[in-house]
1. Checking the a/c ratio against 1.5 first, then a/b against b/c, what shape does the Cα gyration tensor give for region 18-99?
2. Based on DSSP H runs of at least 4 residues, each adding -39500 (n - 2.57), what is the mean residue ellipticity at 222 nm of the chain after dividing by all its residues, to the nearest 500 deg cm²/dmol?
3. Under a 5 Å amide H to amide H cut-off, with H placed in plane at 1.01 Å, what residues pair with residue 110 once short-range neighbours are removed?
4. For q values of 0.09, 0.11, 0.18 Å⁻¹, compute log₁₀ I(q)/I(0) with the Debye formula on a Cα-only model of the chain, without solvent.
5. Which helices, taking whole DSSP H runs in the chain, have alpha carbons extending 18 angstrom or more along the helix axis plus mean Kyte-Doolittle at least 0.0?
6. In nm, to one decimal, how far is the residue 139 label point from the residue 64 one, both placed 7 Å along Cα→Cβ?
7. For region 9-60, what does the alpha-carbon gyration tensor say about shape, rounded, prolate or oblate, given a ≥ b ≥ c as the root eigenvalues, a/c under 1.5 as rounded, and a/b over b/c as prolate?
8. Between residue 101 and residue 11, what length comes free when the chain is fully extended (0.36 nm per residue of separation minus the Cα-Cα distance, one decimal in nm)?
Amino acid sequence: MSKFREKLVRFMYGRYGADELYNFIAKLNFVFIIVALLLTLLPVWRWLVYAFYVFIIAIDAWMIFRMLSKNIDKRRRENAAFIKFRQKVKAGFNLTVNRIKFIRTHRFRTCPHCGAVLRLPRKKGRHSVCCPCCRKRFDVRVRF
Ligand SMILES: [Zn+2]
């Protein structure tokens, strides 16, 4: 191992390093830099472009802070919260896609007892539904 690498390994020992949140912020940061460079080409909104650069530097500082942090427990909790949030966004996106995909044949309703989202055949009027997840009944209304 070279001397520099040895020093780096010793420096990083006990520090948090990169995770999913780091990768996400790194990608977002890359997009922001490209946007900032494109904005620089415009002859207007100078102060806004500078403010955007300051914002990008703040994001970079946060990324470096997280990577070098020794408070590993807290950083792990942040990452777990991020993953949970990302799953929620993905689930919401998938539901919207399915609502559009099945707009002619089905309607989506949430079970009031367990929160499961059910895909129901599109039949107008009031119906009683048995949830396949929790086996409880509830009423749904399909208007259109
Ligand atoms: Zn249910």
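Just so you know, all these numbers are worked out from the coordinates, no wet-lab data involved. Keep in mind the model is a prediction, meaning the values are calculated, not measured. For neighbour counting, all protein chains shown are included, and Cβ atoms are generated from backbone atoms with ideal geometry for every residue, glycine included.
1. Working: a/c = 3.36, a/b = 1.28, b/c = 2.63.
Note, shape of region 18-99 comes out oblate.
2. Numbers: 4 runs with 85 residues, N = 144.
Dividing the helical sum by the residues of the chain leaves -20500 deg cm²/dmol.
3. So residue 110 has HN proximity to 118.
4. -0.58, -0.74, -1.04
5. Sorted by number, the helices that extend far enough and score high enough are 20-41, 46-68.
6. Spacing of the two 7 Å Cα→Cβ label points: 6.2 nm.
7. prolate
8. Working: separation 90, 0.36 × 90 = 32.40 nm, distance 5.19 nm.
Here the segment from residue 101 to residue 11 would lengthen by 27.2 nm.
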